[in-house]
Amino acid sequence: MSELEHSSSLQSQEKPTLKVVGFVCDWSVDLKGALTEDGRLREVPNVYVMMIPCSGFIRPSWLEFALKNGADGVFVCGCPYGDCLNREGNFLIRNRIQQMRRRLQRQRIDPERVTMLAYGLHDREGFLLAIKAFLEDLRRRVVPGGQAVTRAAQQSSPNEIS
Amino acid sequence: MYKRILKNLQRATLQVDVLLNRVLPSDWNPLYYTGGLSNLFLTILILSGIFLFFYYVPDPNEAHRSITFITERVPYGRIIRGVHRYAADGFMVAIFLHLFRNWFTERYLFSRDIPWISGMFLLGFAGFVGITGYFMAWDDRAQALLAMTLHMLRSIPLVGPWLNELLLGGGGVGERTLVRFLFLHVVPAVTLYLLLWWHYIRIRHPKIWPPAVWVLFSLGLVFLLSSLVPVVSGVPASPTAQPQVIPLDFLYMWPYWLLKYVGPIWAIVLGFVLFSYGMYIPYQLREKPEVMGVRHAGVAQVIEPNCTGCELCYYDCPYNAIIMVPSPRPGQTKAAQNRKLLAVVIESRCVECGICIGACPFQALELPRLMENQVLERVLAACRS
Ligand code: SF4
Ligand code: SF4
């Protein structure tokens, strides 16, 4: 494990600028003051965040669009399951992302590059921790050349076995 | 100031959620199912109430005896009576949790005022049914309550004495009195279902039941309580007994508590003011559109030429704001050419959440102030930077 972490930190040196695009529901995590002028997270500047009215607003095709245009990872963040202001938005997008992952797999894009988070208004710490974990995971998946590895290549790597 | 208090209350509410979610999976968080829990308790109340109704005799001389009969002679009567009593408390607790939670988390914005207003009526009716329930036992407590109620009603100018007679069915307590109370207990309880229809009408897939664990837990709780702490009546009411001060159940009886501190007319006025304020809550702190930003992205618009009539948005809109109408003309895109139906957004029901945008696979819906190409442009900018 330590070896893996070591290698991943090496990789992060080679490719320090992972690009992540995130859609965050305006009713979920409160990010006032946590964003820079151009919409990056202050703490994790390679994450670009866009506020949206509800996590259910997201079309999976937009996530795919981001992945195909150079983003290494995308995420959608809604409220905790069961607490969506619109009652169902986060469940709907969770299902849609699941379907989309299967689609990505068929296109040989690593489905783990898309993720769904659920954090409430005052759970910024939890949210940032999850983002950092997601980035860490992405780093492991991104080969030095810059392209995130496909699922097929992933399957042979040891850290995928769980 | 007031706004800050509300913000703090919201913070506290959500903090409780975060804590509970650490212990339980969030799908089981009971605070996400306060509405379902209320409905569960209401169902328990109705079922146990029907059972009690078979045996209850609404007559001042017989009522107390019939309840003793239920408790002591009818099989499981003691349990059912206890269940009816404790489920009523659970009902009120769940309702208040539901009320405060939805208040503090601002779930009354936009067209969500329909569930809110109907909720205020539900609260009023539920409280009323609860209070009239106390008269059913017809013991010394009921008698004291009756005295206080009559006192309160009499204090209303002009119609007071007349209301008194109306309630009692004559000059004093007589044969008709308890029939009236039974009517006032049962009919508003049934009316609750009418109000619930109003409560749910704009909600697609309302969560009317809590998860199975909580159903079992609540059922177990009321049954356990009713066998461990049996409900007992006081001594039978009699015309000669003096109504005395007795411990009151706060959940339903707070209007009567007020009587200790304010005049009877003021207790009525206060109840009325609270109710009116409750109705006003959804409209009180409406923010200006400019400060709402992305929360106010405009009513969803159907891009008519693209709509294929696939009904996906219709199933996913959480507020029933989209209806399908027969298509007046074929659409323009290939997929939309043979459509039979067309989606239409009813503007007054739309809360601008955008869920239908995510549902539509044919690019036939847009939020006017957050259009698809704006989103994609920003994604591109982020990817290129
Ligand atoms: S934005 Fe769409 S899903 Fe949301 S309420 Fe309006 S019509 Fe319904
Ligand atoms: S989801 Fe889109 S295409 Fe389907 S009915 Fe709704 S607007 Fe029309």
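Results, tabulated for the structure shown:
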item	result
Residue check, B:Glu175 among the acidic types (Asp, Glu), closer than 30 Å to B:Ala63 by Cα and without any contact (Cβ under 8 Å) to a residue 40 or more places away in the chain	no
Test for B:Tyr277: is it outside any loop (DSSP other than H, G, I, E, B) and either open to solvent by 70 Å² or more (accessible area, probe 1.4 Å) or within 9 Å of ligand 2 (Cβ to nearest atom) (or both)	no
Condition met for B:Glu372 (under 20 Å from A:Ile93 (Cβ atoms), more than 9 Å from ligand 1 (Cβ to nearest atom), within 14 Å of chain A (Cβ to nearest Cβ) and touching a residue at least 40 places away in the same chain (Cβ under 8 Å))	no
Single condition B:Thr43 does not satisfy, out of (1) within 14 Å of another protein chain (Cβ to nearest Cβ); (2) within 29 Å of B:Tyr76 (Cα to Cα)	(1)
Test: residue in the range A:52-63 that is open to solvent by 10 Å² or more (accessible area, probe 1.4 Å) and more than 16 Å from ligand 2 (Cβ to nearest atom)	no
One residue from A:Gly120, A:Gly73 being within 12 Å of the chain's Cα centre (by Cα), in contact (Cβ under 8 Å) with a residue 60 or more places away in the chain and within 13 Å of another protein chain (Cβ to nearest Cβ)	A:Gly73
Given (1) surrounded by fewer than 19 Cβ atoms within 10 Å (Cβ to Cβ); (2) under 20 Å from A:Asp123 (Cβ atoms); (3) in contact with a helix residue (DSSP H, G or I) (Cβ under 7 Å, 6 or more places away or on another chain), index of the condition B:Val74 fails	(2)
Subset of the range A:20-51 [assigned to a loop (DSSP other than H, G, I, E, B), at negative phi and either surrounded by fewer than 19 Cβ atoms within 10 Å (Cβ to Cβ) or acidic (Asp, Glu) (or both)]	A:Asp26, A:Asp30, A:Lys32, A:Ala34, A:Thr36, A:Glu37, A:Asp38, A:Arg42, A:Glu43, A:Val44, A:Pro45, A:Asn46
Pick from the range B:359-369, criterion within 13 Å of ligand 2 (Cβ to nearest atom) and open to solvent by 60 Å² or more (accessible area, probe 1.4 Å), ranking: farthest from the other protein chains (Cβ to nearest Cβ)	B:Phe362
Residues that are under 15 Å from B:Ser111 (Cβ atoms) and in contact (Cβ under 8 Å) with a residue 60 or more places away in the chain, drawn from the range B:323-366	B:Ser348, B:Arg349, B:Cys350, B:Val351, B:Glu352
Selected residue (only one of B:Cys383, B:Cys356 is crowded, with 23+ Cβ neighbours inside 10 Å and either away from every other protein chain (no Cβ under 13 Å) or closer than 30 Å to A:Gly70 by Cα (or both))	B:Cys356
Qualifying residues in the range B:333-353 (those that are among the β-branched types (Val, Ile, Thr) and out of contact with any strand residue (DSSP E or B) (no Cβ under 7 Å at 6 or more places or on another chain)) - the one least open to solvent (accessible area, probe 1.4 Å)	B:Val351
Condition met for B:Pro368 (over 34 Å from the mean Cα position of the chain (by Cα) and farther than 20 Å from B:Arg202 by Cβ)	no
Every residue from the range B:299-332 that is away from ligand 1 (no atom under 16 Å from the Cβ) and open to solvent by 50 Å² or more (accessible area, probe 1.4 Å)	B:Pro326, B:Pro328, B:Arg329, B:Pro330, B:Gln332
Criterion violated by B:Tyr33 - all others in (1) touching a residue at least 24 places away in the same chain (Cβ under 8 Å); (2) surrounded by fewer than 21 Cβ atoms within 10 Å (Cβ to Cβ) satisfied	(2)
Subset of the range B:280-330 (residues that are hydrophobic (A, V, I, L, M, F, W, C), away from ligand 2 (no atom under 13 Å from the Cβ) and outside any loop (DSSP other than H, G, I, E, B))	B:Ile281, B:Val291, B:Met292, B:Val294
Breaking point among (1) open to solvent by 20 Å² or more (accessible area, probe 1.4 Å); (2) within 22 Å of B:Val93 (Cα to Cα); (3) hydroxyl-bearing (Ser, Thr, Tyr), for B:Tyr56	(2)
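Conditions (1) within 27 Å of B:Leu184 (Cα to Cα); (2) β-branched (Val, Ile, Thr); (3) within 14 Å of chain A (Cβ to nearest Cβ), marked per residue:
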position: B:Lys7; (1), (2), (3): no, no, yes
position: B:Asp17; (1), (2), (3): no, no, yes
position: B:Pro25; (1), (2), (3): no, no, yes
position: B:Asn29; (1), (2), (3): no, no, yes
position: B:Phe51; (1), (2), (3): yes, no, no
position: B:Ala63; (1), (2), (3): yes, no, no
position: B:Ile70; (1), (2), (3): yes, yes, no
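The values are calculated or read from the model by the stated rules, or taken from the named source; none is laboratory data. Here the structure is a predicted model, which is why all the values come from computation and not from measurement. Note that we place each Cβ from the backbone using ideal geometry, even for glycine, and neighbour counts take in every protein chain shown. All accessible areas refer to the heavy atoms of the entire protein, side chains included, with ligands and DNA or RNA removed. Shrake-Rupley method; radii C 1.70, N 1.55, O 1.52, S 1.80 Å.
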